[in-house]
Structures are given as C-alpha cells and as structure tokens.
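Undergrad: I'd like to ask some things about the structure below.
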Amino acid sequence: MPGAPAAAALPGTATKPGAPTLPGTPATPTPQGTPAAAALPGAATPPAAPALPGAPASAPAAVAPGYPAPVATACATSWALGPSNDGLSIPNVPAAGNICGAGAVRPTPLTAACTKTVDGAGLQAAVDAARPGDRICATGNSPTRLTVSHSGTPAAPILVLGDGKAAVKGLTIKADNVTVGGLNLTGAAAPGVEMTGNGITLVNNTVASPRGGDGDGIRFFGSNLRILHNTISDTRNLNGAHADCMQTFASDSPASQHVLIDSNRCDKIANQCLIAEGPNSSAGDGSGKGRSSDIQFTHNFCDSNASQAVMIDDVQNVSVTDNQITGGNEKAFAFDNKSTGAKVSGNILGLRIKFEVGMDHTSKLGYLGPLIGGLP
C-alpha cells in the first residue's frame, strides 16, 4: 500500500531474498499489503475498493476466551457485503487486507441487510426454510450442529451470517451457492465444517477443538469453493485420529476444483494445514473418477506438526504462495503422484524447516518454484 512502512521481520523466521512479506499476524505492527486474489470461475466479484490508510493503534488486549482479538475498524468494515450483485457478494480478500492479516476478523461486519434475524434456538428452522437471496442473521448459541441443505443461485446465494459471537456445534453444508460467515464452531464433532457443493463460501468463522472421527477442522468437496479468513485451532491426534486443519479427497465424494483458500489461520494443528488428495491418490482409496485441480493456497498462517505443512497427492495446478509456515515440519510443501503444474513462491518459513519443497519425479512437469529439496 502506498505510504505504508515495511513490516517488521517475524521472530524465528527466515526470509528468502525477494520474497514478499505476508499479511501480518497480530504480533506484527504494520504488515505489508496483500494482493487481491484472482476471482474464481462463477464467483461474483465486487468492484475494487480504494486503498485504506495504515492500521490504527492496536486493538484492546482483553478478549473473551476462544475469540480472536478485535482488529482495526478499517479492516472489519472492508469485509462488508459487496455493492454488486444486490449486496450478496463477498470479496475474495478484504479491501484492507494489509491490516487484516490471517484469521477470522472480529467484530464481524457481515450482518447487513438481513431478511431474517434469529437466535441460536431458531437458526436451524430458519435455514431449513431459506430461499435464494435470503440473508439469515444469527445471534446467540445453537444447541446443535447446523446443516445447510437448501441451495441458492449464482445471482442469489443463500447467506447465513453470524454476529461474531453466535456459536453452533459444527457445520455441514450440502448445497450450492451458499455463504456462511461470522460463526464460532465450538464443541463440534470432527470435522468442524464439512462442505460439499458448488459455489460455497466459508468466510470469517472460527473452528476450535473439533473432536472425534479423524479430528479435522474443515473438509471440502466440490467446485468453485472459497475458504476465506477463518481461524482453525487445536486439532489433536486422539484415539488414532489424523487431525488436519483442512482436507479434501475424492473417494465417495466429488473431486475438488477451482478452490481458493486465502488468509486463514491454522493454529496448533497436530498434522497438516492442508492435505489434498485426488481420485487416484497414492493412498489407494480414491474413486478413480474425475480430476482434482486448481487449488490456490495463499496468504495463510500455518502452525502444524506433520512431516510437511501442505501435502498434495494427485492434484494438478496447485498454487502455494505468500504463506507463513511455522512449526516442526521437515519440509513445507510436498507434491506427489502426478501433482503437476504446481507453483510455489513468496512463502516465509520457520527456521526449523529443513527445505521448502519435496517432490517426486512424476510431479515435476510444469513446476515453477524454488529448488526441490528432496522427496515428498
């Protein structure tokens, strides 16, 4: 952003020459600007917003347990519903991305122009009755997991918007053209979020301590998906779980294509921040049908403890750019089993990470990025 001072170096990280600095974490006073992400096919994109001035003074330190720290007002308001598409669109990244950083924004600015406002007890019934173009605004706590099964349209998606304090016990989306934002997913059976469909946006939610099953924070399946500015924390390998921040695979679920994963925060993750497996994955449990491709993993913060932070298996044309990777990983990113066309650049790595990219010989076609440091 013009006139903004350079961001201070993050403690304990090494920066490659020429690598752009990521959006700041809460510890960084004035992070550098975040470039806008490319719009996905079929996604409505509002007109570009003018650059905002630099970050105001830091937010108050006192925050209720389990909630992200408040951020600058300029950051929060930049997440408001876009002016195009009758106010139903969400930007790929906030207009004030330079001061928002990775992770959910509080207070949430999404609850504007509601067609219906409900408390937690009435949320499921309101969602069950939703029609294209409805904007359901939620307050309070829901006693159950929220399930969204009604679809909107590309021009009139269904929006379910919390106020930043509203809580549900997990989220399942099996529908098309749906946006869910501003919720806290607490006490959820894992995965904390499971989303299947086309044209789904998950924005500005928190997923804390999902338990049971495989322990994952978010699972996603389908096309034209956006996972934006969420905070996922405390996944644990309990009772044989393999607890990742985010996962997709193609066994009895559809292959994933055209997916934008931007400005999320994965904190205290037992395994990987992202594992993406295609229909012919090396695990041998894929469906063999379709093709997983075009996943953009950008501007995310990743604190994980597996051999790698990101694992790509039989998924083509994956971009991994401008992320901050910390934790005890041997390598940052692994590409295996014909994961061709990968692009890697601008990432900041913790000092304990031995090398950035591991790749097998079947994935090298079309690769653009740093020198390959070893096998995946």
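The values are calculated or read from the model by the stated rules, or taken from the named source; none is laboratory data. Note that the coordinates shown come from a computational prediction; the quantities given were computed from them, not determined experimentally. Cβ atoms come from the backbone with ideal geometry, glycine included; neighbour counts cover every protein chain shown. Surface accessibility is based on the protein's heavy atoms, side chains included, excluding ligands, DNA and RNA. Shrake-Rupley method; radii C 1.70, N 1.55, O 1.52, S 1.80 Å.
Undergrad: ASP252 to ALA189: extension gain in nm, 0.36 nm per residue of separation minus the Cα-Cα distance?
TA: Here the segment from ASP252 to ALA189 would lengthen by 20.7 nm.
Undergrad: So, with a 1.4 angstrom probe, what is the percent of accessible area on the stretch 119-165 that is carbon and sulfur?
TA: Ligands and nucleic acids excluded, carbon and sulfur give 56 percent.
Undergrad: Just reorder ASP128, ASP360 by solvent-accessible area, largest first, 1.4 Å probe, all chains present.
TA: ASP128, ASP360
Undergrad: Right, here's the next one. So if R0 is 22 Å, what FRET efficiency would ALA283 and HIS361 give, r being the distance between their Cβ atoms, rounded to the nearest 0.05?
TA: 0.70
Undergrad: In addition: Applying a 10 Å radius around every beta-carbon, put 187-199, 342-354 in order of their mean neighbour count, most first.
TA: Result, highest mean first: 187-199, 342-354.
Undergrad: Can you tell me how much longer the chain between CYS114 and SER307 gets when fully stretched, taken as 0.36 nm per residue apart minus their C-alpha distance, in nm with one decimal?
TA: The CYS114-SER307 span can extend by a further 65.0 nm.
Undergrad: Report the rotationally averaged projected area of the stretch 100-178 based on its alpha-carbon convex hull, in square nanometres.
TA: 5.3 nm²
Undergrad: Taking K and R as +1 and D and E as -1, what net charge do the other residues with C-beta under 14 Å from the C-beta of ASP360 add up to?
TA: That sum, taken over residues with Cβ under 14 Å, equals 0.
Undergrad: Which percent of the accessible heavy-atom area of the stretch 331-376 goes to carbon and sulfur, probe 1.4 angstrom?
TA: For the stretch 331-376, the apolar C and S fraction of the accessible surface comes to 62 percent.
Undergrad: Rounded to the nearest 0.05, what FRET efficiency do ALA125 and ARG236 have when you use their Cβ-Cβ distance and R0 = 56 Å?
TA: Rounded to the nearest 0.05, the efficiency is 0.95.
Undergrad: List, in order, the whole-Hz ³J(HN,Hα) value for each residue of the stretch 99-108 obtained from phi through the Karplus relation with A = 6.51, B = -1.76, C = 1.60 and θ = phi - 60°; use x for Gly and Pro.
TA: 10, 7, x, 8, x, 4, 9, 10, x, 7
Undergrad: While we're here: Please give the contour-minus-distance gain from THR77 to LYS343: 0.36 nm per residue of separation, less the Cα-Cα distance, rounded to one decimal in nm.
TA: 92.5 nm
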